[in-house]
Ligand SMILES: [Zn+2]
């Protein structure tokens, strides 16, 4: 999570959210911060960018055994993307009551109608992750 916090502010104009993907052996495969403002891409969330980079690195869309660490509760798009990528473990920091899709507004990753459900650990370094966002919006 400290690594995710470190990459969260790579684009100064974007909301600071950082994501890191670890391979089955625990080694870092990819990292990304939000790049929506930087690139003008509405799908440029940290999680989606990290998933794309990890998949390119492994040369497969199946990220089974991989862990996604992100500083903020994923939105519906990112929760959907990590489910489609077959990410095995999701670890996130701060809760996002306005758009969160891992328990706050929706619970996409634990929807039993989907055929893949990652293990979830919430609230890791929650205060630090939330403080980063608070400081940005202040
Ligand atoms: Zn998202």
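FYI, it's all coordinate maths here, none of it is from the lab. Being a predicted model, the structure only gives us computed values, none of them experimental. Methodologically, a virtual Cβ is constructed for each residue, glycine included, from the backbone with ideal geometry; neighbour enumeration extends over all protein chains shown.
Descriptive notes on the structure:
- Per residue, the average separation of C-alpha pairs within less than 8 Å and at least 6 apart gives the chain a relative contact order of 21 percent.
- Put in line by how crowded their Cβ is, counting other Cβ atoms within 10 Å and starting with the fewest, 15, 109, 120 read 120, 15, 109.
- At R0 = 30 Å, FRET efficiency that the Cβ-Cβ distance of residue 98 and residue 25 yields, to 0.05: 0.25
- Fewest-first sequence of 77, 1 by Cβ atoms within 10 Å of each Cβ: 77, 1
- Measure of compaction for the range 1-137 (Cα Rg per 2.2 N^0.38 Å): 0.94
- Reducing the range 33-70 and the range 75-138 to their Cα centroids gives an inter-centroid distance of 14 Å.
- Fully extending the segment from residue 84 to residue 53, taken as 0.36 nm per residue of separation minus the present Cα-Cα distance, adds 9.7 nm.
- In plain terms, the chain from residue 115 to residue 62 could stretch by 17.7 nm, reckoned as 0.36 nm per residue minus the Cα-Cα distance.
- The protection proxy used here, the mean number of other Cβ atoms lying within 10 Å of each residue, ranks peptides 27-34, 56-63 as follows, highest first: 27-34, 56-63.
- Legend: ranking of residues 124, 70 from fewest to most surrounding C-beta atoms inside 10 Å; resulting order 124, 70.
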